[in-house]
1. Between a first residue in region 76-94 that is without any contact (Cβ under 8 Å) to a residue 12 or more places away in the chain and a second residue that is of a type in the set (Gly, Ala, Ser), which pairs have beta carbons less than 9 Å apart while being 6 or more apart in sequence or on different chains?
2. With (1) touching a helix residue (DSSP H, G or I) at 6+ places or on another chain (Cβ under 7 Å); (2) surrounded by fewer than 14 Cβ atoms within 10 Å (Cβ to Cβ) as the list, and Gln163 as the residue in question, which single condition is left unmet?
Amino acid sequence: MPSCRPTHRRWLRLAACVTVTAIAAACTDNNSGGTTAPSTTRAYDQVQRLGNPLVSEVFLAKRSHPTHASIGPADDTIIEPEFKMFIATVAGRDANVQNTLASVLLPDMLIVQTDKATSTSGWLTWALANGWGGRNLSDDVTAAGLNAIFGTLIETPGNSCPQLCNDNVPAHTDYQTTFPYLGTPN
């Protein structure tokens, strides 16, 4: 009777070769093939930017909100002409005020200077008081911004409109120690 051993050995050798080849292929440094690691490339859709709410909500016409929402701070030169036009035509302020507000509020982003003391935090303190920047819950950015646009914060003789310097919404006084930190909305 013929022996099956030589065929059996061939199958074992073939299986060993296939296994070694598979292991060698899996251990290669070549990343040109498919990889099973998760991708670190992610795409996000920007929905809105409101670092300085007045930029979008006051200075820009409603029709410009989608443009502002879809661009990043590096592209704020696109909205700068409309921004300055509002200050000139609606607020009646001169080029000095237009340029000052544009230099502080554009690009539209919150700036935090971590080399400053956190006790100097507050809206626009980085630009106006060499402070830490950011925004505190207690910052009334609307009243401060309206005062900058229509008031005497940026002095231009005979060129202010004090009745437009405040939104007449009282500041919160019911802060809490846990999230969401604010009490009932005003």
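Each value in this text was obtained by applying a stated rule to the coordinates, not by laboratory testing. Owing to the predicted nature of the structure, the values given are computational and were not obtained by experimental measurement. Don't worry about glycine lacking a Cβ; one is built from the backbone with ideal geometry, like all the others, and counts go over all protein chains shown.
1. So the pair list comes out as Ala88/Ala95.
2. Failing condition for Gln163: (1).
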